[in-house]
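The values are calculated or read from the model by the stated rules, or taken from the named source; none is laboratory data. Quick caveat, the model's predicted, so the values are computed rather than measured. When we count neighbours, we look across all protein chains shown, and the Cβ atoms used for this are built from the backbone with ideal geometry, even at glycine.
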C-alpha cells in the first residue's frame, strides 16, 4: 500500500493551482502516467517556486526550463514518468543524482521516506535546499558533490534516479543500490539518450530502454568531462 505524505506546508492562496491541475490532466495523465499518488503530488508541489523568476509564467508549460549554470528543470511529463518507474511505496530510501532546481527531489520526498540528492553546482544545491526547507520537506538531504560517484554515506538505496545523461551507467550507482532496487538513468550521447530502467537481482541486472530523451550531461569523474 502506497503512502502519500504530500507537501507539508502550503500557502493559503495559490494562484497557480489551476495551472497545476491542467498540467497534470493535459500533459501527464493524457500521456499514460496513471499512478494516483504521483498525480496527487504533482497537483500539490508548487513547481513555480523552483524556476527562475523570469520564467515564472512558463512554470507549468510542457517543456524544460533553464535554471542557470547550463542546467534545466525537466519537462513535467518526464518528471512524472521517471518517478513512476521507481515504483515507490512510501518507505524507500532514494538517491537522486542532479538536484538542479530541487523540483524532482520535492516530488520524491512526497512519495518516499528519505531522499538524498547530490548536485555538482553549489549555487544550485544551496538554492534547492532553501526552497525545499521553505516547504517543510525535512526528509530531503541535499549534498554538494560529484553525483557520478553516488552518495555512499546514505547507501544502500531502494531507488536511484539520475536527472542528467551519462555515457555509461556509473558503477557506484549500481553498487549503492539494494537488492531488488530500481535505477532510472538517461544513457547515450551528448545529444540523444535512452532512458533506461535497471533492476538489481543479485549479480544480474535487468535492463530496459523505456523512453528516448535529451538531458543535460552528467559531469564528473565517471560522467562527461568539462571539455567533452
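Residues in the stretch 134-157 that are crowded, with 22+ Cβ neighbours inside 10 Å and either without any contact (Cβ under 8 Å) to a residue 40 or more places away in the chain or not in a loop (DSSP other than H, G, I, E, B) (or both): 140, 142, 147, 148, 157.
The rows are residues; the columns are (1) in contact with a helix residue (DSSP H, G or I) (Cβ under 7 Å, 6 or more places away or on another chain); (2) at positive phi.
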| site | (1), (2) |
| --- | --- |
| 27 | yes, no |
| 69 | yes, yes |
| 77 | yes, no |
| 84 | yes, no |
| 88 | no, no |
| 103 | yes, no |
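Filtering the stretch 109-133 to residues that are assigned to a strand (DSSP E or B) and either without any contact (Cβ under 8 Å) to a residue 40 or more places away in the chain or under 15 Å from residue 97 (Cβ atoms) (or both) leaves 115, 116, 117, 118, 119.
Residues in the stretch 172-194 that are part of a strand (DSSP E or B), surrounded by fewer than 19 Cβ atoms within 10 Å (Cβ to Cβ) and over 17 Å from the mean Cα position of the chain (by Cα): 178, 179, 180. Of the residues making up the stretch 195-228, just one is assigned to a strand (DSSP E or B), within 23 Å of residue 74 (Cβ to Cβ) and out of contact with any strand residue (DSSP E or B) (no Cβ under 7 Å at 6 or more places or on another chain), namely 219. Among the criteria (1) within 23 Å of residue 28 (Cα to Cα); (2) touching a strand residue (DSSP E or B) at 6+ places or on another chain (Cβ under 7 Å), the one residue 102 does not fulfil is (2). Could you check how many residues of the stretch 74-93 are under 10 Å from the mean Cα position of the chain (by Cα) and either surrounded by 24 or more Cβ atoms within 10 Å (Cβ to Cβ) or part of a loop (DSSP other than H, G, I, E, B) (or both)? Residues that pass the stated criteria total 5.
Select from the stretch 9-59 the residues that are in a loop (DSSP other than H, G, I, E, B), surrounded by fewer than 13 Cβ atoms within 10 Å (Cβ to Cβ) and either modelled with pLDDT of 95 or more or within 19 Å of the chain's Cα centre (by Cα) (or both) and list them in ascending order.
Kept after step one, since they are in a loop (DSSP other than H, G, I, E, B), are these residues of the stretch 9-59: 9-16, 32-35, 45-46, 51-52, 59.
Those still in the list that are surrounded by fewer than 13 Cβ atoms within 10 Å (Cβ to Cβ) too: 9, 11-13, 15, 32, 34.
32, 34 - these are the residues of the stretch 9-59 that are in a loop (DSSP other than H, G, I, E, B), surrounded by fewer than 13 Cβ atoms within 10 Å (Cβ to Cβ) and either modelled with pLDDT of 95 or more or within 19 Å of the chain's Cα centre (by Cα) (or both).
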